[in-house]
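One structure below.
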């Protein structure tokens with residue numbers, strides 16, 4: 001669980017705000033939007049926050065897949081908790097070479113904010 005979460009928190013997020021919170025059970029992980037980390041001046045409607053959380057969810061799924069777990073994602077599992085974005089259940093599975101390669105690429109990702117040249 002900790003290895004997959006370590007990959008998930010490396011996901012790109014708007015201004016590196018990492019606007020998510022993970023809650024962990026024995027065989028589940030829950031993703032919550034952390035509204036206190038939303039940047040109202042650049043993200044008034046919270047769209048960038050949700051995109052950032054989606055990237056973290058993607059990285060978590062890839063991390064689990066490479067470790068031999070298939071992640072079944074239940075999006076917006078509780079209408080009474082709109083910030084509870086996903087519940088992830090795990091089932092054993094044989095990782096593919098592609099999943100292992102994707103997980104290995106996550107730590108190598110870098111952000112470059114320089115302007116594009118002509």
Which one is nearest to the chain's Cα centre (by Cα) among residues in the range 5-28 that are assigned to a helix (DSSP H, G or I) and either farther than 21 Å from residue 77 by Cβ or modelled with pLDDT under 95 (or both)? 7
Could you please find all residues in the range 79-118 being more than 19 Å from residue 28 (Cα to Cα), at pLDDT 95 or above and in a loop (DSSP other than H, G, I, E, B)? 80, 96
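Condition check ((1) crowded, with 18+ Cβ neighbours inside 10 Å; (2) more than 24 Å from residue 107 (Cβ to Cβ); (3) in contact (Cβ under 8 Å) with a residue 40 or more places away in the chain) across all residues:
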| site | (1), (2), (3) |
| --- | --- |
| 25 | no, yes, no |
| 43 | yes, yes, no |
| 54 | no, no, no |
| 57 | yes, no, yes |
| 63 | yes, no, yes |
| 86 | yes, no, yes |
| 90 | yes, no, yes |
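May I ask you to verify whether residue 4 is touching a strand residue (DSSP E or B) at 6+ places or on another chain (Cβ under 9 Å), closer than 18 Å to residue 93 by Cα and surrounded by 13 or more Cβ atoms within 10 Å (Cβ to Cβ)? Even if it seems obvious, please write down each step before you answer.
Working: touching a strand residue (DSSP E or B) at 6+ places or on another chain (Cβ under 9 Å): yes; closer than 18 Å to residue 93 by Cα: yes; surrounded by 13 or more Cβ atoms within 10 Å (Cβ to Cβ): yes.
When the stated conditions are applied, residue 4 passes them.
The values are calculated or read from the model by the stated rules, or taken from the named source; none is laboratory data. Not measured: the values here are computed from a predicted model. Neighbour counts run over all protein chains shown; Cβ positions are idealised from the backbone, glycine included.
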